[in-house]
Each structure stands twice: as structure tokens, then as C-alpha cells.
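Working notes, structure below.
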Amino acid sequence: MTNKQEMKYEPVIGLEVHAQTATDTKIFCGCRLQFGASPNAQTCPVCLGMPGVLPVLNQKVVALGIRIGLATHCTIAPYSRFARKNYFYPDLPKGYQISMFELPLAEHGYVEITGKADGEVWEKKIRLTRIHMEEDAGKNLHEGLADASQVDLNRAGVPLLEIVSEPDIASSDEAVAYLKALRALLIYSGVSDADMEKGNFRCDVNVSIRPVGSTTLGTRSEVKNLNSFRYVQKAIEYEILRQTELLNDGGKVVQETRLWDVKQGRTFSMRSKEEAHDYRYFPEPDLVPLKIDAAWIEKTAADLPEMPNEKRKRFVERYDIPPYDATILSSSPALADFFEETVTLYAKPKIVSNWVMGDLLRELNQENKEIQDAPIRPGLLADMLNLIDAGTISGKIAKTVFEEMLKTGADPAKIVEEKGLKQVSDESELGKIIDAVMENNPKEVGGYRAGKTKLLGFFVGQVMRRTGGKANPGKVNALLKEKLK
């Protein structure tokens, strides 16, 4: 690449999230929602777009839309209206999508995000433009077909909430933090399970860059249908690099829709980006305007549970743990419940936090499991931590016990007994082992007594090796210091 003019740019990022609501049926008909059903098994004349049929609004979708609107501090519109978004695609049988345009369900909210950089915790508010309801399209199937496609309309009419952010996001890390925070809000409020593997939480990313210090927005590219945090992060980083190189080479960023290629780790152009007027929006004539009274909004607000940020702040105040720990532990209701239940059984919150965030979540992430799938339950973790406090096992041996608990879900005391992992704390026994170590290493003994006190670690290591790591480290240190004088 030959750089004609190297400039420093800053990214400007906005996200559009589509979350499937936790309903049993579609938004405008009575078809059931079951993931993995046979193609076109969950369809009817309404979602197939047959002539003469009329949509009927699913009230629960509205109720869930109000919930996430309130959870994100939005203003709920007392009067909103559906609109037809007109475009042609094979998986859109009506030739239009029922969505919302000029009068959405909710507007002007925000999502609080937190993160950690260079050891410091940061906080930021990402503003929301709007939240609106719409129906999903079907799905085109290409796999195994050389020159044809098949269409599965099971997803046609699936209820979606589209949550649109302002372009307040300044990095890929902030984008991921925003998505995680929004996903937590959807799950906490019971609006969606936000299962990314099932396509129930998908994201379109709008990325542009501008010279550092400029207030003018650059031309944006939209990367469609990203369904993992990792892909979102990589797609944003790739787009920032692509657009920067393009501008520095004297080129021009064009407004377009792009897709993420997982195998090649890059985005590629799908089509030029349509402007809003290209969709020929107009009010949906088959659905009356939606009126939401203040009583419904007040009742919904009263029914909302404790939200993630409220829980995070409570964890910091009540359990005296760092804000970053509290952010991770409050990221899902199940994880928060696991932490709190463990703390009721073992009243040292920071130690519990360390084990949950470190060992437990690391193993679960490697196996792509959620906390509710873990063989280790709060009672078992508390029992193991109590064994450490009682001196039955050392912290090092606890790692071995923990691994066995993860595999089998067995009681930690039973694991210690069956595998002979009980800590050696008998001073007489430890004294004999230390005497043997000192006898076999006279040179190191002389060095220690001559002032090389760092050799204490060498002796501790030798004792641990002879005891298979089961010696009580506190007692070993104390006895060594006494004998080495």
C-alpha cells in the first residue's frame, strides 16, 4: 500500500440489535415458535402472505416491548403505528415487512456500559434512538444446491424488537460491552432469552471513521447479521482498518451493506445501501394505531425485577467487591444467584468472586456452557472453600479438587478422602521431611544462613515435592525459618 496522505482517524459506531421476544407464537398469527422445526412446518396463510388474510397483533409482544423500553430508560409512546417496509426478497412472501417507522414504540433511552482498561474500570452511557416492533423474514437455504435456493418460512412473522443505538460507540471493546449489557437487560427483564446460537439476538453494525477532532460523520458501512460478540469485535476492527487504508490511499468509502466472512476474517460487499425512502414506508392499513395508556406503563414498571446495573451497585456496596467483579457477576440472573447463594454459605465474598470469575467461568467458557449447566453448585463450592479454611487442603490442592468436582459434581470432602489429598499439617511429620531436605542440600543451607534469604522458596519447593504438594504451606514456612536459623 502506498500512502498518499497518512491521517489519524477515529471510529464512529452505531448498532442495530434484533431480539426475538419470549412468546409462544408469532407476532401477527397463531403459528407456534419452535427452534429446529422442519422447514415450513410452522406457517399459515398469514405468515405465508396469502391474498386476503389479515394480521392480528400479539399483545404479549407489545407488553415485552414496553418492558425493555422501561429497562433502557426510554419514553414509551402513548401512540405508535406500524408501517409497511417495501422491498423484494425471496424470503419475504408479502413483498413487504410489517415494521415501524415514524412512530416507534419507544425512544430516547440509554444503556449503561462498563469495562476495564489498563487496570482501570470505565463507565459510559450509550444513547438509544428507538425501539420498535417488527416481523422477521424467512430464510434462504443454499447449502448443497449448485444453482438453486430453497426458502424456509418458519421464521417469517417471528416477533422481533429492533433496538437502535445512537452513534455513541467509539471502539470494538465498547461495542461488545454494549451488546453484553443490552443482552443482560433483555434476559433480566424476561423479554428474550437472547440466545445468539439460535439467532434470537442478532446485530447489524454501522461503522464510519472521521479525522480525529472532526464533528462531521463519515460515510458508513453496515455489516449485517452478526451473531457473536467475537464476530462483532473482529468485523468492527476490520472495517476500521479497511476504511482507514482506503482513505489514506486516496479512495472513497461508499455507503453499502457488507457481510462478515468467518473463514477469511474479513467483510465483503453485499449490496449498495438503500436509503429510507427506497423502502417506500407507509402506514400499515391492516393494523390500527397502537395506544398505550399510563396505567399499563406504570404497572409494567412496578413489575420489573432488579436490573443488572442496580444489582452491580448493590454487590459493590453490600459485598465490598470491585466494580469490575460486580459487573461480571451481575451479567446474568443465574450467575448473580450462584454468587449470592455461595456467599450465604461461605461469607467471604471476594474469595467467592475470585473462584467464580476465575476458575469456574474459565472452564465453562471453554466448554461453551452457562453457569446453570455447571456440575458444581453453590453448596459444593462453599464446602470446598471451607476445607481450605479448615486446613484440610491447601489452595494448590484445591485446584485439583475443583477440577474433579467439575468432572463429576462429587462432594469435595469425598474427593479429598478417596484421592488422599488431605493436607499434611502434623509438625512432627513435616519436621522430619524438612530435616531430610536440609541434610541433602548443605550448600543451600549455608547460603541461606549467610544471608541469601530468597533461598527459602527453594526449600519450600523441596518440601512440597516430597509431600506431593500436600504440605501445609504456612506451617512449612514457619518450621523452615526456625530450623534454618
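Coordinate-derived values only; no laboratory data. The model shown is predicted, which means the values in this text are computed figures rather than measured ones. Neighbour counts are summed over all protein chains in view; Cβ atoms, including those assigned to glycine, are modelled from backbone coordinates with ideal geometry.
Structure notes:
- Peptide packing for 128-138, 77-87 was compared via the average number of neighbouring C-beta atoms within 10 Å per residue; ordered from the highest value, the list is 128-138, 77-87.
- Summarised in one figure, the compactness ratio Rg/Rh of the chain, Cα atoms and Kirkwood Rh, is 1.10.
- Per-residue HN-Hα couplings for the stretch 126-142 [Karplus 6.51, -1.76, 1.60; θ = phi - 60°; Hz; x = Gly/Pro]: 9, 6, 9, 7, 6, 10, 9, 9, 7, 9, 7, 8, x, 9, 8, 10, 10
- Compactness of the stretch 9-298, taken as the C-alpha radius of gyration over 2.2 N^0.38 Å, stands at 1.02.
- C-alpha center-to-center spacing [the stretch 34-66, the stretch 319-343] in angstrom: 38
- Degrees separating the helix 294-303 axis from the principal Cα axis of the chain, which is the longest one: 20
- A cut-off of 5 Å between modelled amide H atoms, ignoring neighbours fewer than 5 places along the same chain, links Thr267 with Asp261.
- Cα-based helix-to-principal-axis angle, 229-248 vs the chain, degrees rounded to 10: 70
- Computed from the Cα positions only, the extents of the stretch 239-337 along the three principal axes stand at 56, 47, 25 Å, in decreasing order.
- Farthest toward the positive end of the dipole of the stretch 9-298, out of Pro159, Cys203, Asn225, is the Cα of Pro159, where the dipole comes from beta carbon charges about the Cα centre.
- Inter-centroid distance (Cα atoms) of the stretch 214-239 relative to the stretch 96-145, Å: 13
- For the chain, DSSP calls about 95 percent of its internal beta bridges antiparallel.
- Note: the stretch 375-485, Cα convex hull, 94 Å³ per residue.
- Binning the C-alpha pair distances of the stretch 308-396 at 10 Å intervals from 0 yields a P(r) profile of 17, 52, 28, 3 %, listed from the shortest bin outward.
- For the stretch 318-360, the direction-averaged projected area of the alpha-carbon convex hull comes to 2.7 nm².
- Radius 10 Å from Cβ of Gly213, net charge of other residues (Lys, Arg +1; Asp, Glu -1): +1
- The chain: angle of helix 378-389 to the longest principal axis, Cα-based, in degrees nearest 10: 30
- The stretch 451-485 and the stretch 291-317 have Cα centres separated by 55 Å.
- Here the Karplus curve 6.51 cos²θ - 1.76 cosθ + 1.60, taken at θ = phi - 60°, turns the phi angles of the stretch 352-359 into couplings of 4, 4, 4, 5, 5, 6, x, 5 Hz, with x standing for Gly and Pro.
- Dipole of the stretch 427-483, positive direction: furthest Cα of Asn440, Gly461, Ala471, with charges on the beta-carbon: Gly461
- In this Cβ point-charge picture (+1 for Lys and Arg, -1 for Asp and Glu), the stretch 9-298 has a dipole of about 340 debye about its Cα centre.
- Shown here for the stretch 335-435: GluC sites (Glu not before Pro) in loop regions (DSSP other than H, G, I, E, B) with at most 14 other Cβ atoms within 10 Å, namely Glu367, Glu370.
- Projecting the Cα positions of Leu430, Gln59, Phe268 onto the charge dipole of the chain (unit charges on Cβ atoms of Lys, Arg, Asp and Glu, taken about the Cα centre) puts Leu430 furthest along the positive direction.
- Ordered by the count of other Cβ atoms within 10 Å of each Cβ, fewest first, Cys47, Cys29 give Cys29, Cys47.
- Net dipole in debye of the chain [+1 Lys, Arg Cβ; -1 Asp, Glu Cβ; about Cα centre; nearest 20]: 1240
- Note: the stretch 1-82, Cα convex hull, 259 Å³ per residue.
- Helical contribution to [θ] at 222 nm, DSSP H n ≥ 4, -39,500 (n - 2.57), averaged over the chain, rounded to 500: -11500 deg cm²/dmol
- Debye intensity ratio in log₁₀ form over the Cα atoms of the stretch 135-183, taken at each q of 0.24, 0.28 Å⁻¹: -0.84, -0.99
- Cubic angstrom per residue, convex hull over Cα atoms of the stretch 52-106: 111
- When the Cα atoms of the stretch 106-146 are aligned to their principal axes, the ranges along those axes come out at 52, 32, 8 Å in descending order.
- The stretch 427-483 - Rg (one decimal) and Dmax (whole number), Cα, Å: 10.3, 30
- The Cα atoms of the stretch 59-209 cover 54, 41, 32 Å along the three principal axes, with the biggest extent listed first.
- Our coupling estimate for the stretch 472-485, obtained by passing each phi through the Karplus curve with A = 6.51, B = -1.76, C = 1.60 and θ = phi - 60°, is 5, x, x, 6, 4, 4, 5, 5, 4, 4, 5, 6, 8, 4 Hz, Gly and Pro reported as x.
- The ranking of Leu406, Leu480 from fewest to most other beta carbons within 10 Å of each one's beta carbon is Leu406, Leu480.
- Think of each Lys and Arg Cβ as +1 and each Asp and Glu Cβ as -1; about the Cα centre, that makes the dipole of the stretch 377-485 roughly 540 debye.
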